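**Student:** Okay, handing you the structure first.
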Amino acid sequence: MKKTACLAALLLLLATVSVACRSSAVSESTTESTTDKKMVTVGFSQLGAESDWRRTNTESMQSALSEENGFKLIYKNGQQKQANQVTALRMFIQQEVDYIVLAPETETGWDFVLKEAKDAGIPVIIVDRRVDVQDRSLYTCWVGSDFELEGQKMTTWLHEFTEKNSIAPEDVHIVNIQGTLGSTAQIGRTRALNNAVRDYGWDLLASESGDFTEVRGKEVMASFLRKYDNINVVYCENDNEAIGAIAAIEAAGKKAGPDILNGEIMVVSFDGINKDARQYLKEGKISCIAECNPLHGPRVQALIETLERGETPEQFNYVAETLFSSLTDITSITVGTETYAVEIEK
Ligand code: GYE
């Protein structure tokens, strides 16, 4: 009897100890998973801060790749110099980051440093503009806009406008304030305009870079106005340039607007993120803006999460975009087989 009681007591003790052990094991592993949860380290090389688009893009990246979302972000502003971006990438490689995100200023000149990242086994995600490299395996994937399509939407809209208003192609006298030369956004938007000029027979007076900034947009437009007295359309490759161009138009005593056969200069541009540009659109000083969406942060986050799960994302990830206009008579345009609604801004 005594023996049985003793055995029962022993068994009870063992059971208690084992439960205690198990529960402590469980609680230990829970604390471990919360405190040691692996943060993903990302080095992000942004090209600069030339425009509202760029600033919004940076904010989007910083808020998506946040500590709360499980990221340790190392952000580097390249100050519009590719050499700074190359240095940043080399620093990220030395720091052994998990991923590199690159928003490149221009397309060429990336082969060497991307090869260094590849050799170090660090995946590279390209965002916004593209890189032009011999070996496509030097980066994992890209996310951004179809810049030539943006330009095609704009030139199609302009063509519709001239048709609706019975304006002959030879009466369309355009100047192009280009973006940073050699950047994908400039290449695509300029190519779309040049093709439309050839196809429709418009008169393209001059093209010059305004570097995507308001200051240069104003300077370039002022010099165009000094050289040509018949400009009636200015194709600005971003909104900041358009704001600068409007300042130059007004300083020259002219009016920005759509009445192009009666002395007004029609301003069209790209982005749609700048508040002043949207206000100018409402006022009719800008006639049409092709949207360029800068909110790539959550998109890059999703791409990294796909890679973290061991899956392979699409190589090229395009963002859907629209057109904004203050003129009410064109509500949609068709490029190729696709029809796009035009959002009328009142
Ligand atoms: O349109 C412009 C910016 O690469 C899409 O760069 C981007 C362009 C954008 O500075 O405002």
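The values are calculated or read from the model by the stated rules, or taken from the named source; none is laboratory data. Being a predicted model, the structure only gives us computed values, none of them experimental. Backbone-built Cβ (ideal geometry, glycine too); neighbour counts: all protein chains shown. Just so you know, the surface numbers come from the protein's heavy atoms only, side chains and all, with ligands and any DNA or RNA stripped out. Shrake-Rupley method; radii C 1.70, N 1.55, O 1.52, S 1.80 Å.
**Student:** Looking at region 56-71, is at least one residue within 16 Å of the ligand (Cβ to nearest atom) and in contact with an Asp or Glu (Cβ under 8 Å, 6 or more places away or on another chain)? Walk me through it before giving the result.
**Tutor:** Quick first cut of region 56-71, residues within 16 Å of the ligand (Cβ to nearest atom) only: 56-61.
With in contact with an Asp or Glu (Cβ under 8 Å, 6 or more places away or on another chain) added as a condition, the list becomes 57.
Checked against the condition, which is being within 16 Å of the ligand (Cβ to nearest atom) and in contact with an Asp or Glu (Cβ under 8 Å, 6 or more places away or on another chain), region 56-71 yields at least one hit.
**Student:** Given the criterion part of a helix (DSSP H, G or I), free of Cβ contacts under 8 Å to residues at least 40 places away in the same chain and out of contact with any strand residue (DSSP E or B) (no Cβ under 6 Å at 6 or more places or on another chain), identify the matching residue among SER166, SER223.
**Tutor:** Values: SER166 fails: part of a helix (DSSP H, G or I).
Within the list SER166, SER223, the selection yields SER223.
**Student:** Can you tell me which residue in region 183-220 is nearest to the ligand (Cβ to nearest atom), limited to those that are open to solvent by less than 30 Å² (accessible area, probe 1.4 Å) and part of a strand (DSSP E or B)?
**Tutor:** Here the answer is SER209.
**Student:** Can you tell me which condition THR106 does not meet? The list is (1) touching a residue at least 12 places away in the same chain (Cβ under 8 Å); (2) within 19 Å of TYR139 (Cα to Cα); (3) out of contact with any Gly (no Cβ under 6 Å at 6 or more places or on another chain), and all the others hold.
**Tutor:** (3)
**Student:** While we're here: In the list LEU303, LEU295, LEU261, LEU307, which residue meets the criterion of being modelled with pLDDT of 95 or more, in contact with a Pro (Cβ under 9 Å, 6 or more places away or on another chain), open to solvent by 30 Å² or more (accessible area, probe 1.4 Å) and not small (Gly, Ala, Ser)?
**Tutor:** After applying the criteria, what remains is LEU307.
**Student:** Does THR180 count as within 12 Å of the ligand (Cβ to nearest atom) and farther than 23 Å from TRP110 by Cβ?
**Tutor:** So THR180 does not fit the description; no.
**Student:** So, one more: Select, from ASP203, ASP271, ASP276, ASP211, the only residue that is more than 28 Å from the chain's Cα centre (by Cα) and charged (D, E, K, R).
**Tutor:** Exactly one residue qualifies, and that residue is ASP203.
**Student:** Also: I'd like to verify a number: residues in region 157-177 that are open to solvent by 20 Å² or more (accessible area, probe 1.4 Å) and within 27 Å of the chain's Cα centre (by Cα), how many?
**Tutor:** Number satisfying all stated conditions: 1.
**Student:** Here's another thing I want to ask about it. I'd like the full set of residues that are more than 21 Å from TYR318 (Cβ to Cβ) and among the charged types (D, E, K, R), limited to region 106-135.
**Tutor:** Answer for region 106-135, where residues must be more than 21 Å from TYR318 (Cβ to Cβ) and among the charged types (D, E, K, R): ASP111, LYS115, GLU116, LYS118, ASP119, ASP135.
**Student:** Which one of the conditions (1) at pLDDT below 95; (2) within 16 Å of the ligand (Cβ to nearest atom) does ALA49 fail to meet, given that it meets all the rest?
**Tutor:** Against the list (1) at pLDDT below 95; (2) within 16 Å of the ligand (Cβ to nearest atom), ALA49 comes up short only on (1).
**Student:** Would you mind telling me which numbered condition in (1) within 16 Å of the ligand (Cβ to nearest atom); (2) surrounded by fewer than 23 Cβ atoms within 10 Å (Cβ to Cβ); (3) closer than 20 Å to THR322 by Cα GLY151 fails?
**Tutor:** (2)
**Student:** State whether one or more residues within region 286-302 are under 11 Å from SER325 (Cα atoms) and more than 25 Å from the chain's Cα centre (by Cα).
**Tutor:** No, every residue in region 286-302 fails to be under 11 Å from SER325 (Cα atoms) and more than 25 Å from the chain's Cα centre (by Cα).
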